[in-house]
Amino acid sequence: MRRIKFMLESVKHPRWTGAFCQSSKGLAQKMAQKIGNSKNVIEFGPGTGIITHEILNCLPEDGHLTCFEINPAFCKHLKKINDPRLTIINDDAQNCQKYVKDYDCVVSGLPITVFTKPQRENIIAISSKSKKYIQFQYTPFLRRKLSHHFANVKLNFIAMNVPPAFIYICSNYDKPKPERSAV
């Protein structure tokens, strides 16, 4: 049922979903595993919740997941998930800081490569305030852009997804301090 719902919404709102098929369970599991010991997680663009479910499986009992979904039909579907650690917000991810002040990980399924440059920059800037940012895309061309905002950027390829996908695992652990020039 989740797949059909996703496909119908992607036909109605292709720019909102960025894909015609929902992510595979394998992609969702790989992304969720990357949250590590994060406790306050934000998910951008959860769609029907395939990644959301996997994040909740990996999230500690005292953790919290806040999902930002712009599509009201997807929000209605997500609100059926019965987990006290989950909050669903029907708003643009770019407005997340109105709702959440403290977060240590951002997981994103947003199609940021099709966003305008200001939208893409805003999402990356918001995400760079966390210790970890996990983003999937269908292209490997974001690495350079993400390297401007994160100390460490790793790329994983997931072949078992339609279409195959790339997961960017970005972190600001050990972010180098700016060099000072000698006076």
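Here are the numbers:
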item	result
Residue that is farthest from the chain's Cα centre (by Cα) [pool: residues in segment 132-167 that are within 16 Å of residue 38 (Cβ to Cβ) and crowded, with 17+ Cβ neighbours inside 10 Å]	150
Tally, over segment 146-158, of residues that are touching a strand residue (DSSP E or B) at 6+ places or on another chain (Cβ under 9 Å), farther than 14 Å from residue 106 by Cβ and not in a strand (DSSP E or B)	2
Residues (closer than 21 Å to residue 93 by Cα and of a type in the set (D, E, K, R)) located in segment 144-177	145
Test: residue in segment 103-113 that is in a helix (DSSP H, G or I), of a type in the set (Val, Ile, Thr), modelled with pLDDT under 95 and surrounded by 13 or more Cβ atoms within 10 Å (Cβ to Cβ)	yes
Total residues in segment 94-126, condition over 22 Å from residue 57 (Cβ atoms) and either of a type outside the set (A, V, I, L, M) or under 14 Å from the mean Cα position of the chain (by Cα) (or both)	23
Set 81, 70, 89: member being more than 21 Å from residue 129 (Cα to Cα), in contact (Cβ under 8 Å) with a residue 12 or more places away in the chain and touching an Asp or Glu at 6+ places or on another chain (Cβ under 8 Å)	70
Qualifying residue in segment 116-127 (condition: under 21 Å from residue 50 (Cβ atoms), of a type outside the set (Phe, Trp, Tyr) and at pLDDT below 95)	no
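For every residue, the table says whether it meets (1) at pLDDT 95 or above; (2) in contact with a Lys or Arg (Cβ under 7 Å, 6 or more places away or on another chain); (3) open to solvent by 30 Å² or more (accessible area, probe 1.4 Å); (4) of a type in the set (Asp, Glu).
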position: 54; (1), (2), (3), (4): yes, no, no, yes
position: 63; (1), (2), (3), (4): yes, yes, no, no
position: 77; (1), (2), (3), (4): no, yes, yes, no
position: 80; (1), (2), (3), (4): yes, no, yes, no
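The values are calculated or read from the model by the stated rules, or taken from the named source; none is laboratory data. Keep in mind that this is a model prediction, so the values were computed, not measured. Reconstructed Cβ throughout: ideal geometry from the backbone, glycine too, with neighbour counts over all protein chains shown. The area values use the complete protein model at the heavy-atom level, side chains included, leaving out ligands, DNA and RNA. Shrake-Rupley method; radii C 1.70, N 1.55, O 1.52, S 1.80 Å.
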